[in-house]
Amino acid sequence: MKINSLSKEEALRALVSSENGLSEKEAAKRLTEYGFNEIREAHKTSLAMKFLRQFTHFLALLLWAGAALAFLSEYLHPGENMATLGFAILGVIFINAVFTFIQEYRAERALEALKKLLPFYVRIIREGRERKLLSRETVPGDIILLSEGDRVPADARLLEDSVLRVNNASLTGESEPSLRSSTPSQGELLESPNIVFAGTTVTSGSGKALVFATGMRTEFGRIAHLTSTVQQDLSPLQKEIVKATRLVATIAALVGIFFFGLGFGIGRSFWHNFIFAIGITVALIPEGLLPTVTLSLAMASQRMARRKALIKNLSSAETLGCVTVICTDKTGTLTQNRMSAAKIWENERIIDAEDYRAQDDDMLISASLLCNNAHFADNEYKGDPTEAALLRLGRESMGERKAERLAEIPFDSDRKRMTTLNKVGSDEYVFTKGAMENILPLCSRYLSKGIERQMEESFREMATDACHQLMDKGLRVLAFAYKKTNSSFPIPDPETLETDLVFTGLIGLEDPPRPEVPDAIKKCHEAGIRIIMITGDGSRTAVAVAREIGLVKGEPVVIEGPEFMKMEDRELREKLSAKEIIFARMAPKNKMRVVSILQEEGQLVAVTGDGVNDAPALKKADIGIAMGISGTDVAKEASDMILLDDNFATIVNAVEEGRTVYDNIRKFITYIFASNIPEAVPYLAYVLLRIPLPLTIMQILAVDLGTDMLPALALGTEKPTPSIMKQPPRSRNERLLDFSVLSRAYLFLGPIEAAACMFGFFYIMYGGGWNWGNMLRPDDILYMQATTACLTAIIISQIGNVFACRSSKESVFSLGFLTNPAVFIGIGFEICLQLFIVYHPYGNMIFATRPLSLTTWIVLMPFALFLLLAEETRKYFTFGRRTVLL
């Protein structure tokens, strides 16, 4: 028989389990038998295939064409060493493929490591005790506990339910939540109301279920192959890099073709023209740019994770730098989510909670204990922080209160209240708690000194004033009510249960602000980022907390949920233009409307959320931010970033890292592009000035794929500069390769390096007695020393350039020379590789170089200092003395 048709007892017997769950020994045995509860990828691209792809992209195809032409030329015109050039180009293709493959592999591993930082936990009953275990450890026969916002870890048969609704969209495509029931049912499993499936989510209510299928045996596992082939898209920044790289490569090829034709016009031979065309193309192509950017984004994501911000995709890392508005919750994000009862209003007076002592028949404390889903186990309070605080108050002031719960109407953000029906001794009571404005209208009586009295307008005003007093202290205020009833309600009906209630009092809960938040808010204001609080608490509580943390200074515009619902978009748009605005008594589902209007106004919005109803706003926002501690599985899946500590300050840290990663990418692009000019100028001089070629193709590759790589990566690890959070957010339309970047690299830094390399070449040539117009053989010692000096001048200039590129605005003296050790590691590698090229026999053979004298090094070294001082002077006159020297 199918498990859905079995009774609760029969289902437990069928899976050899019990209401106390499995023993740890039996669970371990079943884990060995059934394996981990995981969905395996049906298809995964092999490492070999990923490596082979590096030989077929656009840049590789250009180089393949160059190699083919070189070998064709050797075949048609033997003896001109064109085969050597062909093999050199093949070497370029191979080296670039290896480098790109390693970078992408490292980036992929980095992202896989990030995924492991946020494991998926599930509540399981084993040996009669509730435990919190990794979902992958779930086995058939386990008893799992489900509540609102949970993701179902495995296929399971419901044993108990309390108005449990699930969203089966991941299986059926139907997004409307469906009500579940634990009663036996006939028919197919997918249609059965007593079955919950892996990968679906609980939208409301709670329940207990018996696991009968895990991993690939679940319904979700059977369709896993449909999703396993989906390829992850490149981020917008990566796409921009691809386009830029192709553009530069195309321009390089066209320049090569142009000068190839020009060479024939001035009488150059095919050999000389061909060398030039290939050389200028190789010199201008940024071979390692895309993998370096990808790795930089992955490294930035890892740095964010170390600062408690888990980025789920690379595009989020770059988008963070553009954020202009942060819409944030209050509880748990701006505050510590450490709720404690601070004040009690009962019998028309306010009392400190710590001084409160309840009588056995105290209905206020009874309501706080029984209309509550928190529980005390293993010497700690477990459950929602608000309910845990109420449970602690009740236990400390009254002790345990035994009662049987007959029914429950769960809290939801629209009703803003929760109701339970309990049997206390032989009597039945309805207990309700929630927002003051949602509880008081339901009450026809109030409790005063143990006596129920008819509700009076004067009491309503007194209770409302008391609520306002507590809220003005920054407290979250809950109202409580009850009534005695004579008959059970098999189906909880709000219209029946929540009428003719007796108002019993108020409890004010304190949630202290996080100590880091005021500084984080100040940093946001300095960075040109608006912060909008959207909370379910009352307006007075929200304003009091906002003042305490420095979010508002004057009189903010305050919009409460009922007023918000009546507003037209035009009016809301006007309100949102206010400098300081707070949304109170807001349902999570209303966040999306705020986000949409802000986006229509051209803002780039980050929004926080932790509940099921937050998911639409998290998806709609440019950056959806879920809470890692208090957040539901639904919110985490809908988000782009997860706060591992639920702290608002972590969002600001992530924004700072997002700005920094974009800034750092610009730094190493400037560094790499600047070396293209001294690589290209020797070829222009070779064609136009009729001199021996000052720099060979292999020497260009030594720079592009050798000496430049580690210093460029070191620039990608730069820490945030002092001014990064003191400037407005960059526009999302701002291009990575704009005029300022290209002009700085190609028109300022590059020409200085070009002057250095040509000086080094002519210094050796004239020092060796060379005369203008004398074309030396490629194996001439003087010529080989001159090209070596040209290459060495580029390397020395790049050492000065790496310091110059550490910031486009701040002086390296203000940043500190020793603040990025990775730069010195990169320079050390650069120098060691150059010494190998210049002085080792193998280096001489591979790169056609010859040893240089110490004097030559000394003569070339001032160019590094000159480049650095020239850049410092540019910063001084462009950005002012204060920016440069502070």
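The values are calculated or read from the model by the stated rules, or taken from the named source; none is laboratory data. Keep in mind the model is a prediction, meaning the values are calculated, not measured. Positions of Cβ are backbone-derived with ideal geometry, glycine not excepted, and every protein chain shown enters the neighbour counts. Accessible surface is based on the protein model in full, side chains and every heavy atom, while ligands, DNA and RNA are left aside. Shrake-Rupley method; radii C 1.70, N 1.55, O 1.52, S 1.80 Å.
Descriptive notes on the structure:
- Overall, the ratio between the Cα radius of gyration of region 428-519 and 2.2 N^0.38 Å, rounded to two decimals, is 1.29.
- Net charge of neighbours whose Cβ lies under 9 Å from the Cβ of P720, counting Lys and Arg as +1 and Asp and Glu as -1: -2
- Every Cα-Cα pair in region 718-773 was counted, and those over 16 Å apart are 68% of them.
- Leading residue at positive end of dipole, the chain (Cβ point charges), from S46, P556, S162: S46
- M861/H840 FRET efficiency (R0 25 Å; Cβ-Cβ; nearest 0.05): 0.70
- Accessible area in square angstrom per residue, region 732-799, 1.4 angstrom probe: 44
- When each of K589/K620; K433/K566; K449/K483; K2/K25; K382/K433 is checked by Cα-Cα distance, pairs over 23 Å: K433/K566; K2/K25
- Mean Kyte hydropathy of 1.0 or more with a Cα span along the axis of at least 24 Å, helices from DSSP in the chain: 58-76, 236-265, 750-767, 781-804, 821-839
- Cα gyration tensor shape of region 508-661, rounded if a/c is under 1.5, else prolate or oblate by comparing a/b with b/c: rounded
- Within region 581-701, all pairs of alpha-carbon atoms sorted by distance into 5 Å bins from zero give the percentages 2, 10, 14, 14, 12, 7, 5, 5, 5, 6, 6, 6, 4, 2, 1, 0.
- Normalised size of region 648-788, defined as Cα radius of gyration per 2.2 N^0.38 Å with N residues, equals 1.40.
- Mean Cβ count within 10 Å, highest first, over the residues of peptides 23-31, 296-304: 296-304, 23-31
- Positive-pole candidate from Q834, L684, I124, dipole of the chain, charges at beta carbon: L684
- Largest-first principal axis extents, alpha carbons of region 476-597, Å: 62, 36, 23
- Cα-based equivalent ellipsoid of region 648-717: semi-axis lengths in Å, sorted from largest, via gyration tensor: 38, 12, 5
- Integer Hz, Karplus 6.51/-1.76/1.60 couplings in order for region 150-157, x for Gly and Pro: 6, 9, 6, x, 7, 5, 8, 9
- S577-K2 pseudo-label distance in nm [points 7 Å out on the Cα-to-Cβ vector]: 6.0
- For D355 and D414, the FRET efficiency from 1/(1 + (r/R0)^6), where r spans their Cβ atoms and R0 equals 41 Å, is about 0.70.
- Residue-span extension gain [R690 to K243] - 0.36 nm each, minus C-alpha spacing: 157.4 nm
- Over 20 Å (Cα to Cα) - which of K29/K208; K402/K423; K50/K308 fall in this group: K29/K208; K50/K308
- Global size of region 377-483 as Cα Rg and Dmax, reported in angstrom: 15.1, 46
- For the pair Y105 and K553, a Förster radius of 41 Å applied to the C-beta separation gives a FRET efficiency near 0.20, rounded to the nearest 0.05.
- For q = 0.22, 0.26 Å⁻¹, Debye-computed log10 I/I(0) when each Cα of region 735-805 counts as one equal scatterer: -0.90, -1.08
- Inter-probe distance in nm under a simple model that places probes 7 Å from Cα toward Cβ, at T873 and L47: 5.2
- log₁₀ of I(q)/I(0) at q = 0.13, 0.22, 0.33 Å⁻¹ - region 824-872, Debye sum with one point per alpha carbon: -0.40, -0.90, -1.06
- Calculated accessible area for region 561-615 comes out at 44 Å² per residue, all protein chains present (probe 1.4 Å; ligands, DNA, RNA ignored).
- Per residue, the average separation of C-alpha pairs within less than 8 Å and at least 6 apart gives the chain a relative contact order of 11 percent.
- Kirkwood Rh in Å, taken over all unlike Cα pairs in the chain: 31.9
- For the listed peptides 620-628, 859-867, a ranking on the average number of other beta carbons within 10 Å per residue, highest first, reads 620-628, 859-867.
- As a fraction of the 1.4 Å probe accessible area of the chain, surface on carbon and sulfur atoms comes out at 57 percent.
- Value in Å of the Kirkwood radius, where region 763-886 supplies the Cα pairs that are averaged: 16.4
- Taking Cα centre as origin and charging only the Cβ of basic (Lys, Arg, +1) and acidic (Asp, Glu, -1) residues, the dipole magnitude of region 536-595 rounds to 140 debye.
- Two-site label geometry, F55 and N771: point separation in nm, points 7 Å out along Cα→Cβ: 5.0
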